[in-house]
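Every number here is computed from the coordinates shown, using simple stated rules; none is lab data. Remember, it's a predicted structure, so these values are computed and weren't measured experimentally. Here the Cβ is made from the backbone with ideal geometry for all residues, glycine too, and neighbour counts use every protein chain on show.
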Amino acid sequence: MLLFYLFGAIAAGASLLVVLGRNPMHSVLLLIVSFAALAGLYIGLDAPFAAVVQIIIYAGAIMVLFLFVVMLLNAHREDDAPGGAGRLAHGPLRLGAAVAVLLVAELAWALSRAARGGEAMLSTGPGADPAALQSVRSLGNVLFTEYSLAFEVTSILIIVAMVGAVVLARREA
Amino acid sequence: MVPLGHYLILSAVLFATGTIGVFLRRNVITVLLSIEVMLNAVNLAFIAFGRTQGAVDGQVIMFFVVTVAAAEAAIGLALVIALFRHRESLNPDVFTSLKW
């Protein structure tokens with residue numbers, strides 16, 4: 001219970017700093033902190049394998065990719081003075097920010113109702129077996145039987161992404 | 001035990017944070033990072049729902065989301081490198097023409 005609020009506060013605070021930070025390098029490192037806190041939350045939700053995946057793949061692979069690009073482009077500062085195109089875009093940006101605030105308010109309202117109404121019913125779950133939830137064996141069973149088509153399609157997606165990234169980042173001769 | 005609603009509220013807060021970042025930031029890399037924050041908020045909601053249903057499906061979907069996030073990061077960063085090579089800038093407001 002206490003750990004949830006601790007990890008939740010770390011995740012929310014780090015994510016906010018990621019969004020508000022001026023330096024992309026700090027943003028990437030803070031996002032890794034946020035991912036570590038989320039991995040702690042996953043352990044609290046009886047999903048240790050998801051927590052390990054979060055650390056190894058997200059923090060270990062994807063964030064390192066981001067870090068490489070930030071270092072490669074050597075762009076530690078954000079452009080503060082946009083040109084004429086930037087000034088044109090201010091109206092849509094304000095609209096987008098207003099829509100985002102509206103989204104927060106709407107989600108908070110809906111979720112506060114849901115939390116009050118269904119707390120007793122949803123708190124632990126009917127017939128939840130933590131041992132089955134935690135085991136990698138049951139996870140693999142579901143992944144390779146029920147979701148086998150999605151799994152195969154995912155492999156195609158990865159190949160396409162790999163080829164696409166190579167083609168896009170290639171230096172034109 | 002923490003009620004499901006608290007996980008969903010945390011997920012909503014993270015998602016809103018990412019949305020604000022996508023709309024307000026002037027740096028393509030930070031926009032991509034904000035998208036990662038949004039994807040993680042969705043992952044948290046999936047795993048919390050899976051826990052309450054007593055099924056591993058939430059975790060399975062989380063793996064697919066992670067895979068898609070990896071593909072998206074690879075393509076997005078390749079695009080960022082290509083754009084930076086052309087314009088020497090990371091400001092998304094600079095990239096206004098499809099072809100030049």
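Calculate how large, on average over all directions, the projected area of the Cα convex hull of the protein assembly as shown is; give the answer in nm² to one decimal.
15.4
Where in segment A:41-61 does the amide nitrogen come within less than 16 Å of the point 7 Å from the Cα of A:Ala150, taken along Cα to Cβ?
A:50
Give, in whole angstrom and from largest to smallest, the semi-axes √(5λ) of the equivalent ellipsoid of chain B, with λ running over the eigenvalues of the Cα gyration tensor.
Gyration-tensor ellipsoid for chain B: 34, 15, 7 Å.
Mind checking the full-extension length gain between A:Leu93 and A:Ile55? Use 0.36 nm per residue of separation minus the Cα-Cα distance, one decimal, nm.
10.3 nm
If r is the Cβ-Cβ distance from A:Asn141 to A:Met162 and R0 is 35 Å, what FRET efficiency results, to the nearest 0.05?
Between A:Asn141 and A:Met162 the formula returns 0.80.
Using only helices, what value at 222 nm comes out for chain B when you add -39,500 (n - 2.57) per DSSP H run of length 4 or more and divide by the total residues, to the nearest 500 deg cm²/dmol?
-28000 deg cm²/dmol
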